[in-house]
Amino acid sequence: MLIRFWGTRGSLPIALTARQVEAKIAQALLAASGRHFDDIAAAAKFAAELPFPIAGTFGGHSSCVEIELTEPDGGSHDYILCDLGSGARPFGGSVLARQGAATPNVFHVFMSHLHWDHIMGFPLFAPAYIPGNLIRIYGCHRTLEEAFRAQHGAPSFPVDFSQLGARIEFVTLEPDVEVTIAGLKVLPKEQIHAGGSYGFRFEHDGKTFVYSTDSEHKLDDPDVTDGFIDFFRDADLVAFDAMYSFAEAISVKEDWGHSSNVVGVELCQLANARRLALFHHEPIHDDARIATIEAETRRFEEITRVDAPRLDVFAAYDGLEVRL
Amino acid sequence: MSQPPMDLSPRRIGDVIVLGPVGRIDHLNADDFRAAVEPHLAHCEAGGASLLFDLSALEYISSSGLRVLMVAAKQSKPRGGRIAVAAPHPVVAEVLEISRFNLVFPVHATVADAVQALAAG
Ligand SMILES: [Zn+2]
Ligand SMILES: [Zn+2]
């Protein structure tokens, strides 16, 4: 199972500003001072070794994560996605770049919920315009289809939903009821978030990926906590809503529907999970800030680890691939 | 199964009630911690006592335990009550910083510092 992150930002897509790019270049030049590069390859090699917040960026697309069970071979393929945030646009583009428009594909999409940042990529999802494609959108909200139709068409978008070329189907799932879709076992779980959200536990071939975003953890009921520990149990990777600091999440931003790095580590440790991807990054956080949070979270994991194997902690970024 | 209530060894320094949790507080015993703190909250109000958590014997506190402190602060604040923590172990101090708890909750190096700060108002 390969997990590919196309969008990792919470609430609203962002982009680097000119000033932020300039600051990265200045830091890179400082790191390179005194060195000489014979060609672009030598310079690229040096750049690849720079700290991630200098040479890279966590990215700005809103939630979209791909689960790849088998590598596409050029023929028709079953693609699997979590959420259709703005990251769905580059994902759709990559499918067309690889296969062209003539190959019919199936897209299975699991929707955590219907907030704008999780559906906004669909109007610009190119495969939806191509006849022959089948897009099956799964979710636990009764208003699943309504939400997609409402954003597609006047007054918000020039193309009406009914003009989409692909066949689009909506499938309602029940929380706590496991289903098998495209060879993947899928278990939805209700989470705390305005309007409700659902996490998904995906299992295939002995590997487990948990997608749990837009989820607040109140920590006031041990039974509820135990429910999430079971949901994360022995997962190879948990993508976790770590938008706020723990203190914010239980004080000024209580009831805003999001969680923290600290709670992510604790739940993963209790569940014996192997990897934790911090996800749904706060849009006001720049790359340096997210890298600091990532380093602190690793330290937190280290000091709270009790007789347990190490939990691998990292901040997800647009373009990250994790092989389970 | 009922457990003996958590002993916080309450003591009084002037107008400050000092509570001293011992060992580990995690999601399994956070509710016992909450129950042990609760009786003292009633005194924590304007013109009454302040509440100080002496963390010198606390080895570890999880998010559920920190939440008990936050809830206590939220309950007493509207009544003018004041709550602080003091003397965390280095590891607990790190937990307070990583969780940003130190930004919303007064953390003092020693009990004496905290008592003085609480007395100063
Ligand atoms: Zn969101
Ligand atoms: Zn949301």
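Every listed requirement among (1) within 14 Å of chain B (Cβ to nearest Cβ); (2) of a type outside the set (Val, Ile, Thr); (3) buried (at least 22 other Cβ atoms within 10 Å of the Cβ) is met by A:ALA316 save one, (1).
Counting only helices (runs of 4 or more DSSP H) wholly contained in the stretch B:43-121, the ones carrying 2 or more residues that are at the interface with chain A (Cβ under 9 Å from one of its Cβ atoms) occupy B:63-76, B:90-98, B:101-104.
For the stretch A:121-141, the candidate set comprises residues that are within 16 Å of ligand 2 (Cβ to nearest atom) and crowded, with 23+ Cβ neighbours inside 10 Å; within that set, the residue that is farthest from the other protein chains (Cβ to nearest Cβ) is A:PHE122. Residues that are more than 26 Å from A:ASP221 (Cα to Cα) and of a type in the set (D, E, K, R) do occur in the stretch B:41-56.
Screening the stretch A:207-247 for residues that are more than 10 Å from chain B (Cβ to nearest Cβ) and of a type in the set (Ser, Thr, Tyr) and picking the one that is farthest from B:VAL71 (Cα to Cα) gives A:THR208.
Within the stretch B:54-77, the set of residues being out of contact with any Phe, Trp or Tyr (no Cβ under 8 Å at 6 or more places or on another chain) and either under 19 Å from A:ILE250 (Cα atoms) or among the hydroxyl-bearing types (Ser, Thr, Tyr) (or both) comprises B:SER56, B:TYR60, B:ILE61, B:SER62, B:SER64, B:ARG67, B:VAL71, B:ALA72, B:LYS74, B:GLN75, B:SER76, B:LYS77.
Please verify whether B:GLY48 is at pLDDT below 95 and more than 13 Å from the chain's Cα centre (by Cα), treating the condition exactly as stated. Yes, satisfied.
Could you list all residues from the stretch A:194-213 that are within 16 Å of ligand 2 (Cβ to nearest atom) and surrounded by fewer than 22 Cβ atoms within 10 Å (Cβ to Cβ)? Scanning the stretch A:194-213 gives A:ALA194, A:GLY195, A:GLY196. Here the condition is being away from ligand 1 (no atom under 16 Å from the Cβ), in contact with a His (Cβ under 9 Å, 6 or more places away or on another chain) and not hydroxyl-bearing (Ser, Thr, Tyr); of A:ALA101, A:ALA26, A:ALA88, A:ALA42, it holds for A:ALA42 alone.
The residue that is farthest from the other protein chains (Cβ to nearest Cβ), counting only those in the stretch A:248-297 that are surrounded by fewer than 23 Cβ atoms within 10 Å (Cβ to Cβ) and polar (S, T, N, Q), is A:ASN272. Evaluation of B:ALA36 against the conditions (1) in a loop (DSSP other than H, G, I, E, B); (2) modelled with pLDDT of 95 or more shows that the sole unmet condition is (1).
Per the conditions (1) polar (S, T, N, Q); (2) within 16 Å of ligand 2 (Cβ to nearest atom); (3) more than 19 Å from the chain's Cα centre (by Cα), the sole criterion not satisfied by A:SER156 is (2). One residue stands out in the stretch A:233-269 among those that are away from ligand 2 (no atom under 14 Å from the Cβ) and acidic (Asp, Glu): the one that is nearest to the chain's Cα centre (by Cα), namely A:ASP236.
Looking at A:VAL252, A:VAL224, A:VAL265 in this structure, which one is more than 16 Å from ligand 1 (Cβ to nearest atom) and under 16 Å from A:VAL210 (Cα atoms)? So the residue among A:VAL252, A:VAL224, A:VAL265 that is more than 16 Å from ligand 1 (Cβ to nearest atom) and under 16 Å from A:VAL210 (Cα atoms) is A:VAL265.
The values are calculated or read from the model by the stated rules, or taken from the named source; none is laboratory data. Because the structure is a prediction, the values reported are computed rather than measured. We place every Cβ from the backbone using ideal geometry, glycine too, and count neighbours over all the protein chains shown.
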